[in-house]
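Everything below concerns the one structure shown next.
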Amino acid sequence: MTAVITTNVADAVSALNAGRVVAIPTETVYGLAARMDQSDAVRKVFDIKDRPHDHPLIVHDADLDRARRWARFNDAAIALARQFWPGPLTLLLPRTELVPDAVTGGRATVAIRVPAHPMALAIIDSVNYGIVAPSANKFGRVSPTTAQHVAVDLGNDIDLIVDGGACSIGVESTIVDCTTESPQILRPGYITRTQIEKALGTYADKANGESRAPGMLPSHYAPRCAVELFNDRAEAEARLRVLVEQNANARLLDRTSNLPEYARFLYADLRSADNDGVDVVVAVLPDSSDLGEAICDRLRKAAVRH
Ligand code: TXA
Ligand code: MG
């Protein structure tokens with residue numbers, strides 16, 4: 001591994017300003033950051049992740065005023081930004097001409113959020129420019145929620161990882177498309193449908209038909225082990241007994257009694273299963289309401305065989 005793990009925010013700022021790619025903590029998952037005006041660095045972000053160039057990147061900025069340079073906010077977007085920023089909410093909006101094509105894959109829209117992690121905010125504030133940051137994992141793999149996860153995945157591809165501790169939320173931001181007449185949730189996250197509907201005073205649609213967020217592939221967030229899903233604990237335990245009888249290395253995953261913890265540790269739990277040589281994770285699904293929607297979404301994607 002060549003990457004240095006640091007808590008020095010100033011080092012990250014100089015590296016970003018010099019056009020380098022740096023992994024940074026956010027409250028959701030770690031991001032692979034580059035200044036959005038450094039086109040070589042932006043290209044490197046795609047290359048390091050093995051990510052197709054038509055999967056656009058999320059722009060991160062320090063507050064709503066600064067975000068207005070990159071996107072045209074309508075009333076719904078302003079209401080959501082005022083209520084949930086800084087925080088785990090990404091808004092999809094019409095872009096301004098200041099956003100490079102490489103960031104949006106040439107689209108007319110840009111995804112943008114203000115992260116709530118103090119180190120991320122300090123870095124963005126000092127860089128004083130928009131920063132792109134997709135999750136700091138290889139394309140299609142489980143997102144990192146600690147600096148050590150990033151080091152394992154990308155330690156040979158980048159030279160600086162900012163360590164901001166374990167992410168407090170653990171799953172990626174909720175993405176809301178505000179370009180349609182009624183806002184649609186493209187990716188569920190910690191900010192729930194109920195909270196968004198309350199802030200908007202109207203129902204939010206589920207993305208229908210072909211998803212317009214190209215990263216929302218059915219198989220995403222995939223560990224190496226198989227993941228089997230069950231609606232209740234008793235069924236899961238019965239399946240676990242069968243697998244153990246067959247000499248499979250199987251493990252139960254059930255944090256349904258504490259959903260914030262389920263989300264916070266979900267990716268770390270899947271990574272531990274891989275590290276421990278587990279063949280099958282037998283996971284219990286929470287109710288698909290509130291935070292349970294995001295957890296079910298990520299578990300279902302982890303369960304798709306690849
Ligand atoms: O919590 C998060 O959002 C994390 C942290 C690091 O901020 N970032 C993250 O980025 O999850 P990423 O790139 O892994 O996921 C962003 C998703 C992708 O599925 C991408 O296709 C979609 O957002 N997206 C970005 N810009 C878009 C656009 N203009 N139109 C449609 N989808 C877009
Ligand atoms: Mg990702």
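Numbers below:
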| quantity | calculated |
| --- | --- |
| Where N is the number of residues in the chain, Cα Rg divided by 2.2 N^0.38 Å | 0.98 |
| Set of aspartates and glutamates with alpha-carbon distance to Lys44 below 16 Å, sequence-local pairs under 8 removed | Asp54, Asp101, Asp153, Asp157, Asp159 |
| Ranked by how many other beta carbons lie within 10 Å on average, peptides 130-139, 234-243, 6-15 from highest | 130-139, 6-15, 234-243 |
| Shape of segment 1-66, Cα gyration tensor, a/c cut at 1.5 | rounded |
| Partners for Lys198 among aspartates and glutamates (Cα-Cα distance below 19 Å; same-chain residues under 8 apart left out) | Asp75, Asp177, Glu181, Asp290, Glu293 |
| The chain - percent relative contact order, Cα under 8 Å, separation 6 or more | 21 percent |
| Carbon + sulfur, % of accessible area of the chain - ligands and nucleic acids excluded, 1.4 Å | 48 percent |
| Karplus (6.51, -1.76, 1.60) ³J(HN,Hα), θ = phi - 60°, over segment 290-305, in Hz, Gly and Pro reported as x | 6, 5, x, 4, 5, 5, 4, 4, 5, 5, 4, 5, 5, 7, 5, 6 |
| Rounded to whole Hz, the Karplus (6.51, -1.76, 1.60) HN-Hα couplings of segment 224-232, x for glycine and proline | 7, 6, 6, 10, 10, 10, 9, 7, 9 |
| The chain: calculated mean residue ellipticity at 222 nm from DSSP helix runs of at least 4, using -39500 (n - 2.57) | -10000 deg cm²/dmol |
| Per-residue SASA entry for Met36, accessible area with 1.4 Å probe, Å² rounded to 10 | 0 Å² |
| Sequence ranges 290-298, 64-72, 244-252, ranked by mean other-Cβ count within 10 angstrom, highest first | 290-298, 64-72, 244-252 |
| Relative contact order of segment 40-196, defined on C-alpha pairs under 8 angstrom at six or more residues apart (%) | 27 percent |
| Distance from segment 122-144 to segment 1-61 (C-alpha centre basis), Å | 5 Å |
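The values are calculated or read from the model by the stated rules, or taken from the named source; none is laboratory data. Values in this document were obtained by computation on a predicted structure and should not be read as measured data. When we count neighbours, we look across all protein chains shown, and the Cβ atoms used for this are built from the backbone with ideal geometry, even at glycine. SASA here: full protein model, heavy atoms, side chains in, ligands and nucleic acids out. Shrake-Rupley method; radii C 1.70, N 1.55, O 1.52, S 1.80 Å.
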